Amino acid sequence: MLAVVNAVVIVGMWVRHGGVSTLGTPGGVATGTGQLTGLLGTYVVLLELLLMTRLSWLERAVGLDRLAIWHRWTGFTAVSLLVGHTVLITIGYAQSAHVSLWSQTSDFVRNYADVLMAFVALALLVALAVTSVRAARRRLQRETWYFVHLYAYLAVVLGFAHQLAVGNDFVTDRLARVYWVGLFVAAAVIVIASRVASPLAFNARHRLRVRNVVREAPDVVSIIISGHELDRMSARAGQFFLWRFLTPEGWWKAHPLSLSAAPTKNLLRITVKDLGDTTHRLQRVRPGTRVFAEGPFGTFTARRRSGRALLLIAGGIGITPLRALLDEMPRGTACTLLYRVNADDDIVFARELREIADAKGIEVICLTGFEIGDDQTDRLGIPMLRRLVPDIRNRDCFVCGPPAMIAAVRRRLHALGVPDSSVHFERFEF
């Protein structure tokens, strides 16, 4: 609601400054529309930054994965608006002065304060948008993608200098100038507090270190992490952190990894599969290694339960948050765990799952095999789900695994009559 109110105020200030009256002048339609798209584009950029500041109250309400999706689409929207601003303003001024677009662009660069900086800012934002297209993201490592996107902060600073120098809302109206400066300052304070100050304070308080590394499967290890006053983290089973292991080759790489056991006062556990990328190094991390963490994040917790019976569906290493959820589950809870793996050797926590099943009366079913069928023939297909869990439409369903598996299972649960509100999942794609 606050975001909408601010957008209305921005449009109102544009009208107050004569934005509508310019539409009837030569080139006025392009100029006026260009002014409005520039103001709104800049505002959307600020919103885009705030969406990924990892504000705890916002993340708890929505989930970091959904915030990332919103962030992505607001980014494309902002770039579209700012490209439109640049094109429309150039056309409008060129029509008004009866010159070519090239001449008008040259005049902007030579005679208008900080316009060259604005072009650089726009080029940076376009580059960020291009690298966020799915085809481009698949070719980039997460860390490369992340560092490229840090240039967004430089783009905001350069663009703000341009607005301050020639923007109509800044030059002719003191109140609007104060309003916009306030928006930028507020955004800067929130970003610095949430992305810098808060993580530093968090890690200074908890002083995390690797205590032990346990082999769970041929390509899977559990990393036990010790710390101080970990109960003050307010972490829940099913949540994840962004982990940095402070080794010479790994300190700058953040790994989004779920807790694989409910947190205790002094210990946290994560479980990592060797996927051939940076997770390969984590298989050999040494006890005593310092750890820098941000979190906890995620809404994939028992708070989502409606009090009904449970169905947990895991694919591969997606068992980790579900394994943690089992720790918080009271004895006697009606629960079935379906665990999809390629082979028996791929089953992680086999002994723990047996012990939990015996202690809490939980049904654990492992579905092994390499083949991946369609909605009817897959081992997690509609007929199999209906047979294994006859009352499936009356259960809360927690799903975790590879993105393709999550999408397929969600589709099948919908076909089986499970309400969307009863299907809980979390994406771990960057």
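Given the options Val364, Val221, Val178, which has the most mean-square fluctuation in a GNM of the chain, springs set between C-alpha atoms less than 10 angstrom apart?
The residue with the greatest mean-square fluctuation here is Val178.
Divide, for the chain, the radius of gyration over alpha carbons by 2.2 N^0.38 Å, where N is the residue count. Can you show the working numbers first?
On the way: Rg = 26.0 Å, N = 430, 2.2 N^0.38 = 22.0 Å.
The reported ratio for this selection is 1.18.
Could you give the accessible area per residue of the range 359-420, probe 1.4 Å, as a whole number in Å²? The partial results should precede the final answer.
Details: 3180 Å² over 62 residues.
Heavy-atom SASA per residue in the range 359-420 reads 51 Å².
Could you list the chymotrypsin sites (Phe, Trp or Tyr not before Pro) in the range 318-427 that lie in coil according to DSSP, counting only those with at most 11 other Cβ atoms within 10 Å of their Cβ? Walk me through the numbers on the way to the answer.
Numbers: sites: Tyr339, Phe349, Phe370, Phe398, Phe425; in loops: Phe349, Phe370.
Answer by residue number: Phe370.
Skip the ligands, DNA and RNA, and give the accessible area per residue of the range 1-159 with a 1.4 Å probe, whole Å².
Using a 1.4 Å probe on heavy atoms only, each residue of the range 1-159 averages 52 Å².
Quick one: angle between helix 403-415 and the longest Cα principal axis of the chain, in degrees between 0 and 90, rounded to 10, please.
Compared with the principal axis, the helix lies near 80 degrees.
For all pairs of alpha-carbon atoms in the range 197-261, what percent lies in each bin of width 5 Å, listed from the first bin to the last filled one?
4, 13, 21, 32, 20, 7, 3, 0
Please name which of Val291, Leu353, Gly381 has its Cα lying farthest along the dipole of the range 280-430 towards the positive end, using unit charges on Cβ (Lys, Arg +1; Asp, Glu -1) and the Cα centre as origin.
Farthest towards the positive end: Val291.
Is the range 302-430 rounded, prolate or oblate when judged by the Cα gyration tensor, a ≥ b ≥ c being the square roots of its eigenvalues, rounded requiring a/c under 1.5 and prolate requiring a/b larger than b/c?
Working: a/c = 1.39, a/b = 1.10, b/c = 1.27.
Rounded shape, in that the Cα axes give a/c under 1.5.
Calculate how many DSSP beta bridges within the chain are antiparallel, expressed in % of all such bridges and rounded to the nearest 5. Spell out each step's value before the answer.
Values: 26 of 47 bridges.
If we restrict to bridges inside the chain, about 55 percent are antiparallel.
Express in whole angstrom the spacing between the alpha-carbon centres of the range 42-120 and the range 286-321.
Measuring centre to centre over Cα atoms gives 37 Å.
If the only charges are +1 at each Lys and Arg Cβ and -1 at each Asp and Glu Cβ, what is the size of the charge dipole of the range 171-324 around the Cα centre, to the nearest 20 debye? Please list the in-between numbers first.
Numbers: 24 positive and 9 negative charges, 78 e Å.
Here the range 171-324 has a charge dipole of around 380 debye.
Taking the Cβ-Cβ separation of Trp57 and Tyr153 as r and a Förster radius of 22 Å, what is the calculated FRET efficiency to the nearest 0.05? Let's see the in-between values first.
Details: r = 23 Å, r/R0 = 1.04.
That gives a FRET efficiency of 0.45.
Calculate for the chain the 222 nm mean residue ellipticity that helices alone would give, adding -39,500 (n - 2.57) per DSSP H run of length 4 or more and normalising by residue count, nearest 500 deg cm²/dmol.
Value at 222 nm, helices only: -15500 deg cm²/dmol.
State which stretch of the chain is the longest one without any exposed GluC sites (Glu not before Pro), exposure meaning a DSSP loop state and at most 12 other Cβ atoms within 10 Å.
On the way: sites that count: Glu229, Glu249, Glu371, Glu429.
With a cap of 12 other Cβ atoms within 10 Å, the longest stretch comes to 1-228.
Of the residues Asn111, Asn203, Asn342, which exhibits the maximal mean-square fluctuation in a Gaussian network model of the chain defined by a 10 Å Cα contact cut-off?
Among Asn111, Asn203, Asn342, the largest mean-square fluctuation in the Gaussian network model of the chain belongs to Asn111.
What are the semi-axes of the equivalent ellipsoid for the range 26-82, taken as the square roots of 5 times the Cα gyration tensor eigenvalues, largest first, in whole Å? Before the final figure, lay out each step's value.
Details: eigenvalues 184, 17, 8 Å².
After scaling each eigenvalue by five and taking roots: 30, 9, 6 Å.
The values are calculated or read from the model by the stated rules, or taken from the named source; none is laboratory data. Just so it is clear, the model here is predicted, and its values are computed rather than measured. Counting neighbours? That spans all protein chains shown, and the Cβs are built from the backbone with ideal geometry, glycine included. These accessible areas exclude ligands, DNA and RNA; they are computed on the full protein's heavy atoms, side chains included. Shrake-Rupley method; radii C 1.70, N 1.55, O 1.52, S 1.80 Å.
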